[in-house]
There are 2 protein chains.
Amino acid sequence: MQANIKSTNQKRVVIIGGGFGGLKLARELSDSAYQVVLIDKNNYHQFQPLFYQVATAGLEPSAISFPFRKVFQKANNIHIRVAEVLKIDSDKKQLETSIGIVAFDYLVIAIGADTNFFGNQNMMKHAMPMKSVGEALALRNSILQNYENALIVADEATRKGLMNIVIVGGGPTGVEVAGTLAEMKKTVLPKDYPELDFNLMQVHLLEGSSRVLSSMSEIASEKAKEYLVKLGVDVALNARVVDYDGQKVTLADGTIILTNTLVWAAGVIGNKIEGLNPEVIARGNRIMVDELNQVKGYSSIFALGDIALMTSTAYPNGHPQVAQVAIQQGELLAKNLIGLSKGKAMKTFVYKDLGSMATVGRNKAVVDLPNIKFQGFFAWMVWMFVHLMSIVGIKNRLLIFINWAWNYFTYDQSLRLIIKPKFPKL
Amino acid sequence: MQANIKSTNQKRVVIIGGGFGGLKLARELSDSAYQVVLIDKNNYHQFQPLFYQVATAGLEPSAISFPFRKVFQKANNIHIRVAEVLKIDSDKKQLETSIGIVAFDYLVIAIGADTNFFGNQNMMKHAMPMKSVGEALALRNSILQNYENALIVADEATRKGLMNIVIVGGGPTGVEVAGTLAEMKKTVLPKDYPELDFNLMQVHLLEGSSRVLSSMSEIASEKAKEYLVKLGVDVALNARVVDYDGQKVTLADGTIILTNTLVWAAGVIGNKIEGLNPEVIARGNRIMVDELNQVKGYSSIFALGDIALMTSTAYPNGHPQVAQVAIQQGELLAKNLIGLSKGKAMKTFVYKDLGSMATVGRNKAVVDLPNIKFQGFFAWMVWMFVHLMSIVGIKNRLLIFINWAWNYFTYDQSLRLIIKPKFPKL
């Protein structure tokens, strides 16, 4: 079956994945000489840095999701398709997808990364990942339902398990979830559940290395840990989780923690795609590309963002899997493709590190900029400003601002609703 | 198993269902001499009059849902339980529920009504009901997914089926859904799907009686129909649907309409509850009550709202199944129960009809007040004001206002997202 996309005399760029990199590329190719087909499993772009606020009932999924069709309403050369890609056929220059065959002149793989459970089957079955708004929403529903269940059990150990929360992975996501839940333990949860004893509840953050936020500066790690501890989070460093049966977590040192909620934010692995030469697939499923983001050995296939492994003198082990790399690669690739259509030579990628940041509960954040590092209240203001400005869409920006202001002044995450579509007929 | 609810020396009122009636009753009993247990399947109250806006991507489910725990944060005598009631044992004065046995001194059944498919199995299987936010969200997801699918089919009849929408039932819900979808056909949908020919799309409203909004005045019905027709809705009166196989609707007169989306808003039936004497269950599963809302033959069991059938000289066939009746009955029953605890006699219910209204697309509504009936733009303003003021919670009111203003000025229902929790582990 041929997918029903009108052929034109334009060359066709097919982009798989509308994350930070794919979306940037498609936007930059709007109204270019190319026909662009953007394929994604969802009909919306997801703003991953705020997933943790969806999980902790601070924001609606819709506030951090943006429909592709809205983004590209005025771009006649962009065609959106909600589909899964099954296989690349590089010889025929076409994709097999859930909606039929899609031919391409240039293919850009921007499928990103998903949660890495490192093969632990029990973890895969019982832990809650947080790599999509759908997963973040499922985590919210699960936490709230556990508190409802805690009310009706007589046994204290069981109740403790329902109230405890264990977060594995001390990166930005783990730190942000832990901080917010610790705040909620002090503020909204005891008000919502006056019948429960919140001394039973403990938020645990387990990190395998010797510091949280290990991709940031030492001072950021130190301060973030200090803030977490002050909020009451039990931070365990050099902690290795070996098993989880849905009720209790076992650590390598034999420690056992009772919890029905284990949030797994401990690593990512590239999403799989069939059809490429296995030799270009490196560790963590990343696809080896050159400094033009061209997949090694393929002249018309590119990969960018989290899924791509590009090494350079400055980054001999590959670039970090963060939004900024994806966005900058998307931007350059658009320029290169447009240049190509005009017969110009392509330029190699140079990553400009704009810094990184993470927030820890109310009023506190840590910020590493290239020339300055700071922490505390001002860092938190900067964190909010940067995230608000990165959100697609003025209305979403406005709604998030109102939600933040509301939650801040009322100490109240107001979205404590367990809502599921009743008939998931799709 | 005993449900884990602390016994006190207060008499216990158990309310099943936190809809308009149950919520009003519980609020009025806050800080009274009773211990109140509010049992609901969900952890939130749903504002049913705006379900249609959730279904048509104008509002988030959370904007019209409100967590019970938030409502009752300051009421120490109110206990919320998310549970299903399995059976009433009136002799032992207790309920069997999914969380164990719950004893009561007084029981109030406020379980409302659900969609009535009148036994049509095919309809039950394929039609989309709209009696919960979950169902409204499922309808939204389904409509959007159908448009995505319409892009990829080559066959025009199939595409027509995916684009057409048939609404069965010309009450307020049917009229409001039809009006909004007809607006969307003219505004946002062609912009989102420039590859589709919207001449293929038709919104059908099928009503079994001789007029839409048959519970309102003749002039309201007439005007509503006029507005719908002007918007391009195909309104069929005296139309009886006999079958639907998920792809085509068959009417009694042999007419066939192709559609993958049939919204069923054609009738309600009381939710079932076990354990009452079958003789008190009247047509439509309603529970027969006297003018004190006391279930006939039971001294400590009451029923109110949609589930209750109370006849009076003014309403020989029972009161209408609308929010106002439920709210007023909840209010009176609270007074009566409080009076009872002080040894006062109970007062009989007299319904004060405050009027009714419905909106049809942008700028148009029909309003019947006791002394005056009006239609058009001013009616629409009144409709908006009344609905906004009825919403629980200042923040929800603010967010709805912003959404409405945004959608109005941009002609853009911005929530066109197909989001589902990924792991519905609950």
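The values are calculated or read from the model by the stated rules, or taken from the named source; none is laboratory data. Given the structure is predicted, the values throughout are model-derived calculations rather than measurements. Every residue, glycine as well, gets a Cβ built from its backbone with ideal geometry; the counts of neighbours run over all protein chains shown.
Please go through region B:299-320 and pick out each residue that is in contact with a helix residue (DSSP H, G or I) (Cβ under 8 Å, 6 or more places away or on another chain) and either surrounded by fewer than 20 Cβ atoms within 10 Å (Cβ to Cβ) or of a type in the set (Phe, Trp, Tyr) (or both).
Hit for region B:299-320 is B:Phe302, nothing else.
The rows are residues; the columns are (1) in a helix (DSSP H, G or I); (2) in contact (Cβ under 8 Å) with a residue 60 or more places away in the chain.
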residue: B:Ile5; (1), (2): no, yes
residue: B:Asn9; (1), (2): no, no
residue: B:Val13; (1), (2): no, yes
residue: B:Gly21; (1), (2): yes, yes
residue: B:Ser32; (1), (2): no, yes
residue: B:Ile39; (1), (2): no, yes
residue: B:Pro49; (1), (2): yes, yes
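Let's see how each residue does on (1) in a helix (DSSP H, G or I); (2) within 26 Å of B:Ile394 (Cβ to Cβ):
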| residue | (1), (2) |
| --- | --- |
| A:Val366 | no, no |
| A:Phe378 | yes, no |
| A:Met381 | yes, yes |
| A:Met384 | yes, yes |
| A:Leu388 | yes, yes |
| A:Ile400 | yes, yes |
| A:Ala405 | yes, yes |
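If you take the residues of region A:245-267 that are in contact with a helix residue (DSSP H, G or I) (Cβ under 7 Å, 6 or more places away or on another chain) and among the β-branched types (Val, Ile, Thr), which of them is farthest from A:Ala157 (Cα to Cα)?
Once the filter is applied, the top-ranked residue is A:Val263.
What's the number of the only condition in (1) within 14 Å of chain A (Cβ to nearest Cβ); (2) over 20 Å from B:Leu50 (Cα atoms) that B:Leu200 fails to meet?
Tallying (1) within 14 Å of chain A (Cβ to nearest Cβ); (2) over 20 Å from B:Leu50 (Cα atoms), B:Leu200 fails exactly one: (1).
If you go through region B:14-24 one residue at a time, do you hit one that is surrounded by fewer than 22 Cβ atoms within 10 Å (Cβ to Cβ) and of a type in the set (Val, Ile, Thr)? First the steps, then the outcome.
Of region B:14-24, the ones surrounded by fewer than 22 Cβ atoms within 10 Å (Cβ to Cβ) are none.
The answer is no, given that none of the residues of region B:14-24 is surrounded by fewer than 22 Cβ atoms within 10 Å (Cβ to Cβ) and of a type in the set (Val, Ile, Thr).
Taking region B:380-414 as the region of interest, how many residues are small (Gly, Ala, Ser) and more than 9 Å from chain A (Cβ to nearest Cβ)?
The number of residues fulfilling the criteria is 2.
Among the numbered criteria (1) buried (at least 16 other Cβ atoms within 10 Å of the Cβ); (2) among the small types (Gly, Ala, Ser); (3) touching a helix residue (DSSP H, G or I) at 6+ places or on another chain (Cβ under 8 Å), which one does A:Ala345 miss?
Going through (1) buried (at least 16 other Cβ atoms within 10 Å of the Cβ); (2) among the small types (Gly, Ala, Ser); (3) touching a helix residue (DSSP H, G or I) at 6+ places or on another chain (Cβ under 8 Å) one by one, A:Ala345 breaks only (1).
With (1) touching a residue at least 12 places away in the same chain (Cβ under 8 Å); (2) in the same structural domain as A:Gln145 (by TED's automatic domain parsing); (3) surrounded by 14 or more Cβ atoms within 10 Å (Cβ to Cβ) as the list, and A:Glu226 as the residue in question, which single condition is left unmet?
Status for A:Glu226: all satisfied but (1).
Mind listing whichever residues of region A:5-48 are among the charged types (D, E, K, R) and either away from chain B (no Cβ under 13 Å) or over 28 Å from B:Asn141 (Cβ atoms) (or both)?
Passing the criteria: A:Lys11, A:Arg12, A:Lys24, A:Arg27, A:Glu28, A:Asp31.
Return the pairs, sorted by first residue and then second, in which the second residue is part of a helix (DSSP H, G or I) and of a type in the set (Lys, Arg), the first residue lies in region B:60-80 and is over 12 Å from A:Ile418 (Cβ atoms), the beta carbons are less than 9 Å apart, and the residues are 6+ apart or on different chains.
B:Lys70/A:Lys191; B:Val71/B:Arg27; B:Phe72/B:Arg27; B:Gln73/A:Lys191; B:Lys74/A:Lys191; B:Ala75/B:Arg27; B:Ile78/B:Arg27; B:Ile80/B:Arg69
Residues are listed down the side, and each one gets a yes or a no for (1) part of a helix (DSSP H, G or I); (2) at pLDDT 95 or above; (3) at the interface with chain A (Cβ under 10 Å from one of its Cβ atoms):
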site: B:Gly119; (1), (2), (3): no, no, no
site: B:Glu135; (1), (2), (3): yes, no, yes
site: B:Arg140; (1), (2), (3): yes, no, yes
site: B:Gln145; (1), (2), (3): yes, no, yes
site: B:Leu151; (1), (2), (3): yes, no, yes
site: B:Lys160; (1), (2), (3): yes, yes, no
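State the number of residues belonging to region B:240-265 that are touching a Phe, Trp or Tyr at 6+ places or on another chain (Cβ under 8 Å) and either surrounded by fewer than 17 Cβ atoms within 10 Å (Cβ to Cβ) or part of a loop (DSSP other than H, G, I, E, B) (or both).
The total comes to 1.
Being touching a Ser or Thr at 6+ places or on another chain (Cβ under 6 Å) and either buried (at least 19 other Cβ atoms within 10 Å of the Cβ) or closer than 30 Å to B:Ala405 by Cα (or both), is that true of even one residue in region B:352-368?
So far as region B:352-368 goes, yes, one or more of its residues are touching a Ser or Thr at 6+ places or on another chain (Cβ under 6 Å) and either buried (at least 19 other Cβ atoms within 10 Å of the Cβ) or closer than 30 Å to B:Ala405 by Cα (or both).
I'd like the full set of residues that are among the basic types (Lys, Arg) and in contact with a Phe, Trp or Tyr (Cβ under 8 Å, 6 or more places away or on another chain), limited to region B:130-150.
B:Lys131
Can you spot a residue in region A:210-221 that is touching a strand residue (DSSP E or B) at 6+ places or on another chain (Cβ under 6 Å) and either closer than 16 Å to A:Ala55 by Cα or of a type in the set (S, T, N, Q) (or both)?
Within region A:210-221 (the criterion being touching a strand residue (DSSP E or B) at 6+ places or on another chain (Cβ under 6 Å) and either closer than 16 Å to A:Ala55 by Cα or of a type in the set (S, T, N, Q) (or both)), the answer is yes, since at least one residue qualifies.
Considering every residue within region A:51-66, establish whether at least one is assigned to a strand (DSSP E or B), out of contact with any His (no Cβ under 6 Å at 6 or more places or on another chain) and at pLDDT 95 or above.
Among the residues of region A:51-66, not one is assigned to a strand (DSSP E or B), out of contact with any His (no Cβ under 6 Å at 6 or more places or on another chain) and at pLDDT 95 or above, which makes the answer no.
Over 24 Å from the mean Cα position of the chain (by Cα), surrounded by 15 or more Cβ atoms within 10 Å (Cβ to Cβ), of a type outside the set (Phe, Trp, Tyr) and closer than 15 Å to B:Val366 by Cβ: is that true of B:Leu231 in this structure?
When the stated conditions are applied, B:Leu231 passes them.
Determine, yes or no, whether B:Ser312 is in contact (Cβ under 8 Å) with a residue 60 or more places away in the chain, in the same structural domain as B:Gly19 (by TED's automatic domain parsing) and over 18 Å from the mean Cα position of the chain (by Cα). Steps first, answer last, please.
Details: in contact (Cβ under 8 Å) with a residue 60 or more places away in the chain: no; in the same structural domain as B:Gly19 (by TED's automatic domain parsing): yes; over 18 Å from the mean Cα position of the chain (by Cα): yes.
When the stated conditions are applied, B:Ser312 does not pass them.
Pick out the one residue from A:Leu237, A:Leu276, A:Leu200 that is surrounded by fewer than 22 Cβ atoms within 10 Å (Cβ to Cβ) and in contact with a strand residue (DSSP E or B) (Cβ under 7 Å, 6 or more places away or on another chain).
Of A:Leu237, A:Leu276, A:Leu200, the one residue that is surrounded by fewer than 22 Cβ atoms within 10 Å (Cβ to Cβ) and in contact with a strand residue (DSSP E or B) (Cβ under 7 Å, 6 or more places away or on another chain) is A:Leu276.
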